[in-house]
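So the structure is just underneath, and the comments pick up after that.
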Amino acid sequence: MNKHIKHWFDTGMPFVWLNAGAVSVSVIMVVGLIALIAVRGLGHFWPSNIAVFDYYAEPNTSAERLMGEIVDEETVSRSRAGNPGYQGETIKRNLIKSGNRDISGLDFSWILDAGIKNISYPDDAVVVERREWGNFYGFLTGLEKDGQKISNNDRLWETFQEEIERNNKVFKEIRHVEKDLIGAINYKMERLRLKERSLELEGEKTPENLQIINQQREELQREYDSYTTQLEKLYSKFNSSSFNAITADGKKITVSLSKVVRAYQPNAMGTLDKTLFYCEKFWEFLTDDPREANTEGGIFPAIFGTVLMVIIMAVMVTPFGVIAAVYLREYATQGPFTRLVRIAVNNLAGVPSVVYGVFGLGFFVYFLGGSIDQLFFPESLPAPTFGTPGLLWASLTLAILTVPVVIVATEEGLSRVPRAIREGSLALGATKAETMWRTVLPMTASAMITGLILAVARAAGEVAPLMLVGVVKLAPSLALDGNAPFLHLDRKFMHLGFHIYDVGFQSPNVEAARPLVYATALLLVVLIIILNLTAIRIRNSLREKYRAAEQS
Amino acid sequence: MNTNEAVADSPLLHDFNSQTAKKYRKWRHIKDVATRHLMAFGGVSVIIAIVLIAFYLLYVVIPMFKSAEIESIASYSLPGNANTKSLMYAMEEQREVALRIDEQGKAVFFATVTGEIRKSIDLNIPLDLSITAVAAGDQTEKMIGLGLSDGSVLFFQHNYDVSYPDDVRLITPFISFPFGETPIQLNKAGESIKQLSVQYDGEQATLVAHGSRAQINLVSLIKEESMLSDEIKISREESVIPVDTGDIVELRIDIEQREMYVADKLGNIYFYNISNKTEPRLIQKVRAVEDDITITAVEFLAGGISILVGDTTGQIAQWFPVRDDENNYTLQKIRTFNKQKSSITEIAPEHSRKGFVAIDESGEMGIYHTTAHRTVLLEQIDDHVLNAIVLSPRANAALIENDKAQLQFWHFHNEHPEISWQSIWGKVWYESRDKPEYVWQSSSASSDFEPKFSLTPLAFGTFKAAFYAMMFAIPLAILGAMYTAYFMAPKMRQVVKPTIEIMEALPTVILGFLAGLWLAPFVELHLPGMFIMIFCVPLSIVFAAAVWEFIPDNIKHKVPEGWEAALLIPVVIIAVCFSVLISQPVENLLFGGNLPLWLSQELGITYDQRNSMVVGFAMGFAVIPTIFSISEDAVYSVPKHLTTGSLALGATPWQTMMRVVLLTASPGIFSAIMIGLGRAVGETMIVVMATGNTAIMDMSIFEGFRALSANIAVEMPETEVNSTHYRILFLGALVLFAVTFLFNTIAEVVRQRLRTKYSSL
């Protein structure tokens, strides 16, 4: 037996197995990581049941009545749990989301499992998602409109839902008036102010010109006034009703319906209801604006900002990357110089992204942007237009960051085009440009697309440089809107990656924000994996194609 | 139609030399040439654009290391009565207007560029008295005290109103008396004041004066606004401080009015604590210069912590109180600067930086910075003795008087005196610290704060992070690569390789977020499990292999060769779960249920939740795919005839692996490690999110650090453009750029060599 083992060690098999183990560990880590994000991110939207129970923080003390979702649990040693009065070497504790931040101050707390008594899941337990102070957990007792009770007990819940729906419609209208209509007027007003200032700078601030401007201004003001009266009406409608409720420990509260996003009774919902609710929440997550310092609501502006930035970057990086690659491979004389350039380009792909951010901030934002402001936007100085981080500079910085990727991929594609094809084309009398344009480049198209996809995937996931050149935690307006010139390259924008960093680490209420961060991370991971898999697929099919071309 | 006709009519022959064909050919030629030029232009400019990065970083960094430049603007005879002795000068913020006070008590405000008098005010010194001493307070309140021959002090303020009539700046100077126009009696005996120092902070004023006797009179005035009326009451405290010397040459109190320094003719410095105005205490008496040398100038550095002592040899030294272990302060000589040619006549500190300018009797002027321990400029500006100097508040101009009654106005261009090789990379003894240290502390709320720009702790942090990441990544990635390239079944390889490579594309912000919010608490909770895992996982793998070895062949053969990794997946998962599960019991048994607490109580090791171990895991995870992918390629492309030859000679696969394959592929593996290292050094989001970002220098795996890249990401958005802080962050970026570029170049060169080697085999 011993001899056998010794022999087995001599053959080195255990080491081979250890090597295999390294692969297993790596694979488990990748899959585990993605699974972790997926489970946590997707679980967030599921309406979990609400428990109501008596809680004894220490044995033999008076109980408090608590209510909330149990979000997490862990088992820790006595000493880590702070040596509670309950027995046992290890202590099990639950993280409970009890909401009601406006009443109790805390919406998450760790409670000891042993202290939970008389747990129940009553059907009439209500969760109210609010626009401020987070969720409310309690029991609905009545509804008021203009100070009058409008509840009749048997249809209380239905009336509540109808009122919420009606109020949300009003809310949408208010948002439309405030953001779109009044926003447009404010934008035009600002343009007028700048126009006046630029006339002043050019020394053409004549009474005639001024009169035209003032006339326009008055017109806008009139429009503005009419909108504000409309808004006032909407607001009085919006604030008219409220609901009454009691919390688990019997506190009565009245909350205006204007604060309510939605209300539901998870304990009374069946699986189908919950699934529908889940889809609704997921849709809200994708399409809605964030609420409550980004910890609730959706991430639409971040998705929009990421996509827009990546598109602008792609528009800039593709032609330049391709031209550089074509020059390097087809036109430049091959020699030590091109070899040096190739090494440099390869190395630039390995330069830390934050260095590009520093370069973008110094060169693009302060130097180029500052000069552009001096030349073209003197009217808004000292407030910078392009001399401050914004969409254009972020896209440009990422274009510089990713251009080596496109160059390398395109060059690889060009090098795979068989010599015979080029020579055939030239022999038939085509010029070099025609050969390039008609035969070589079409054959490399998929290589370029591969490069582009890889560049896009890299750009979508970068955060460090963007922190310096244009991303903000909350952009007041999207960079693409209804006001001419529609695409506002000077605006700041939101970004998925930065959203993760910001909400996860700068948020005042990390516990509340955590599930949303997982969901955002999942979205980003899925996006990037899809992009990469596509690129890999294209590259593989490309290789097959050329192998066939070379052999035939 | 016959054939001949057909040939004649052939469009090819017929049209070859026609006008249209020629034109078309020309057009095609033009297009060809145009494309060539366009491509060359475009290609070269893209390449230039990306190379520009390095040069732009350099362009921003270089001004930091330039020495100062000075520019003579004007020279004129003393404004006002040129025959009287000047007592003092002052300049306002915009360096447009300056003030000269002469011995007759005339305050003359004049334009700095021309010397033209803007306003002349008589301070109305009584005819029977003369001015015997003069002192200026701190720059924000601009107080001046004139000591008179009857032991009283005229205490006033010079002020400047700035207005913009017709968009042109107009500065109107005036003089005001916050404590009344009557001189304040300091010396009750009526001796004339020889030395004087004053300070005022808007509420409280302290005046100290030395007369002819061996004592110092201290008076403190506190303005109190009464609640009911607007009346201002002034309360007065005073004391008499005996000194054991009669020859006081300099007397200074600091801006906080808590410390007093007295220098005597023998070269002693007396250090007093005057926090309690009625009971000042002598803390220390030190000999500041050697025998035969006398102190000629004593001045506070901005902030009022250090004093600068100039002497007859032209030497300037910086001193400040240092706290010892018993919490006692003693005055210590911190550093000396290059000697000037001759006796120092005056030292002028900058108002908001830790720099100063000194002039001497030979006509030489020096510009220095204390923190950087740097002589920014040393220049002979005159052939005569320089008497007096005043710096503008922004330290961008100076007025210098020589003994020929000439006043010179200079502009200074001295943007970054605080930077030197020593202050960036070396240990620096900062004010209020007890020893020289490496510190990064770039900003603070107070304006006279001493910025601490040591990149050493940041570079240390970067390499610490890279070190722990590599500790985790190298074994996993390289062992994995060896197996995947050499032993693994091709079918499985097709799945495994892309899976691991996909990791490379994972945004690091996600890894950082998971490390900070999930892994860090997890590791803290299961700390013993983490260490058990390191042993448990490899052991269980070997154990599983042994078990596999002994199970009957007919089962074994059902699994084709090269699928060991798949078999091991459940084994690894079980081993990991086991480690996590027994973590708690082990902790309870050995460490009282709380290992982090036990570490700090029993071993004195601090445990941060976001520590280097967490970063090591997260960043290792980010680096594994890079190293794996490149070294897998290197191993995979080892020519097959080498391995088959080795196997044919009877070597086991493992022996072939170790002696043949690995040896041949080692340059490739080396370059993989270099590229991985480059990535670890520059990684930003993981280190921002998974560490506490405190700039400490400690290799402990349980503590955090602050990396260069994280520092840039955190501080860059808040810096002022072209400030020293901005440029030093650029320097940080340049260092990162250079280091990663170096690693990558080494890797690239090694890889290219390897490629030629393979093709020759």
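Since every read-out is calculated from the coordinates, none of them should be taken as a lab result. It should be emphasised that the depicted structure is a prediction, and the values quoted were computed from it without experimental measurement. Ideal geometry is used to build each Cβ from the backbone, glycine not excepted, and the neighbour counts take in all protein chains shown.
Indicate the gyration tensor shape class of the protein assembly as shown (rounded, prolate or oblate), computed on the Cα atoms with a ≥ b ≥ c the square roots of the eigenvalues: a/c under 1.5 is rounded; otherwise a/b larger than b/c is prolate and the rest oblate.
Cα axes put the protein assembly as shown in the prolate bin.
Two decimals, Cα atoms only, Kirkwood Rh: what is Rg/Rh over segment B:170-268?
1.04
What's the exposure ranking of B:200, B:486, going from fewest to most Cβ atoms within 10 Å?
Least crowded to most crowded, the residues run B:486, B:200.
Longest exposed-loop-site-free stretch of chain B, with trypsin sites (Lys or Arg not before Pro), DSSP loop and at most 16 other Cβ within 10 Å?
Looking at chain B, B:559-761 is the longest stretch - no exposed trypsin sites (Lys or Arg not before Pro) with at most 16 other Cβ atoms within 10 Å.
Which longest run of chain A has no exposed loop site in it, a site being trypsin sites (Lys or Arg not before Pro) in a DSSP loop with at most 16 other beta carbons within 10 Å, and the site itself not part of the run?
Result, exposed sites excluded: A:252-552.
Using a 10 Å cut-off around each Cβ, can you sort B:378, B:527, A:272 from fewest to most neighbouring Cβ atoms?
A:272, B:378, B:527
Would you please give the FRET efficiency between residue B:214 and residue B:85, computed as 1/(1 + (r/R0)^6) with r the Cβ-Cβ distance and R0 = 25 Å, to the nearest 0.05?
Once rounded, the FRET efficiency stands at 0.40.
For helix B:19-61, report the angle its Cα long axis makes with the longest principal axis of the Cα atoms of chain B; keep it between 0 and 90° and round to the nearest 10°.
With both axes taken from Cα atoms, the answer is about 50 degrees.
Between residue A:49 and residue A:445, how many nm apart are label points set 7 Å from Cα along the C-beta direction?
5.8
Given a cut-off of 40 Å, what percent of all Cα-Cα pairs of chain A lie beyond it?
Result: 48 percent of Cα pairs exceed 40 Å.
Computed FRET efficiency, Cβ-Cβ of residue A:481 and residue A:423, R0 30 Å: what is it to the nearest 0.05?
About 0.05, to the nearest 0.05.
I'd like to verify something in chain A: which complete DSSP H helices, judged by Cα projection on the helix axis, reach 30 Å or more and average at least -0.5 on the Kyte-Doolittle scale?
Qualifying helices: A:13-43, A:300-326, A:391-416, A:510-551.
Run a plain Debye calculation on segment B:463-590 (Cα atoms as equal point scatterers, no solvent) and give log10 I(q)/I(0) at q = 0.11 Å⁻¹, rounded to two decimals, same order as the q list.
The computed values of log10 I(q)/I(0) come out as -0.53.
Check which residues have an amide H placed less than 5 Å from residue A:108's amide H, if you skip close sequence neighbours.
Hits under the 5 Å cutoff: A:98.
Starting from a Cα-only point model with no solvent, please compute log10 I(q)/I(0) by Debye for segment B:81-181 at q = 0.19, 0.22, 0.24 1/Å.
Debye output, listed in q order: -0.94, -1.22, -1.41.
Please state the charge dipole magnitude for segment B:125-287, taken about the Cα centre, from unit charges on C-beta atoms (+1 on K and R, -1 on D and E), reported in debye and rounded to the nearest 20.
For segment B:125-287, the charge dipole is close to 740 debye.
Starting at the first residue of segment B:619-627, write each ³J(HN,Hα) from the Karplus equation 6.51 cos²θ - 1.76 cosθ + 1.60 with θ = phi - 60°, in whole Hz, x for Gly and Pro.
Per-residue couplings from phi come out as 6, x, 4, 6, 8, 3, x, 4, 5 Hz.
Describe numerically, in nm with one decimal, the distance between label points set 7 Å from Cα along Cα→Cβ at residue B:33 and at residue A:216.
According to this spin-label approximation, the distance is 4.9 nm.
Taking neighbour counts of Cβ atoms within 10 Å as a proxy for exposure, in what order, fewest first, do B:723, A:236, B:423 appear?
A:236, B:723, B:423
Please grab the % of Cα pairs in segment A:142-282 that end up more than 20 Å from each other.
I get 65 percent for the Cα pairs in segment A:142-282 exceeding 20 Å.
Quick check: pseudo-label points 7 Å beyond the Cα along Cα→Cβ at residue B:93 and residue B:573, how many nm apart are they?
In this crude spin-label approximation the distance works out to 6.9 nm.
If N is the number of residues in chain B, what value comes out of its Cα radius of gyration divided by 2.2 N^0.38 Å?
1.40
Please give the average number of partner chain Cβ atoms lying within 10 Å of the Cβ of each residue in B:620-629, rounded to a whole number.
Across B:620-629, the average partner-chain Cβ count within 10 Å equals 2.
If the only charges are +1 at each Lys and Arg Cβ and -1 at each Asp and Glu Cβ, what is the size of the charge dipole of segment A:51-122 around the Cα centre, to the nearest 20 debye?
The dipole of segment A:51-122 has a size of about 100 debye.
How far, in degrees from 0 to 90, does helix B:527-550 lean away from the longest principal axis of the Cα atoms of chain B, to the nearest 10?
Between the helix axis and the principal axis of chain B, the angle is about 10 degrees.
Over the Cα atoms of segment B:503-553, how large are the radius of gyration and the largest Cα-Cα distance (Dmax), in Å?
In order Rg, Dmax, the Cα atoms of segment B:503-553 give 17.0, 48 Å.
Just how large is the dipole of the protein assembly as shown about the Cα centre, in debye to the nearest 20, putting +1 at every Lys and Arg Cβ and -1 at every Asp and Glu Cβ?
The calculation lands at about 6220 debye.
Hey, what angle do you get for helix B:662-682 against the long axis of chain B, alpha-carbon based, 0 to 90 degrees rounded to 10?
On a 0 to 90 degree scale, this one is about 40.
Could you give P(r) for segment A:295-366, binned at 10 Å from zero, as whole percent values over all Cα-Cα pairs?
Going out from 0 Å in 10 Å bins, segment A:295-366 shows 15, 30, 33, 15, 5, 2 percent.
What does the convex hull of the Cα atoms come to per residue for segment A:365-436, in Å³?
Cα-based convex hull of segment A:365-436, divided per residue, equals 118 Å³.
I need the semi-axes of the equivalent ellipsoid of segment A:51-122: take the C-alpha gyration tensor, multiply each eigenvalue by 5, square-root it, list largest first in whole angstrom.
20, 14, 12
In whole percent, what relative contact order does chain B give with Cα contacts below 8 Å and a gap of six or more residues?
9
Given B:601, B:202, B:310, which one lies farthest toward the positive end of the charge dipole of chain B, if we put +1 on the Cβ of every Lys and Arg and -1 on the Cβ of every Asp and Glu?
B:601
First measure r as the distance between the Cβ atoms of residue A:113 and residue B:162, then evaluate 1/(1 + (r/R0)^6) with R0 = 51 Å and state the FRET efficiency to the nearest 0.05.
Computed FRET efficiency for residue A:113 and residue B:162 comes out at 0.15.
Are any of the pairs B:285/B:339; A:172/A:274; B:333/B:354; B:194/B:354; A:149/A:169; B:142/B:265 more than 19 Å apart by Cα-Cα distance, and if so, which?
Among B:285/B:339; A:172/A:274; B:333/B:354; B:194/B:354; A:149/A:169; B:142/B:265, the Cα-Cα distance tops 19 Å for B:285/B:339; A:172/A:274; B:194/B:354; A:149/A:169; B:142/B:265.
Please report the equivalent ellipsoid semi-axes of segment B:456-760, computed as sqrt(5 x eigenvalue) of the Cα gyration tensor, largest first, in whole Å.
Ellipsoid semi-axes (Å, largest first): 37, 29, 14.
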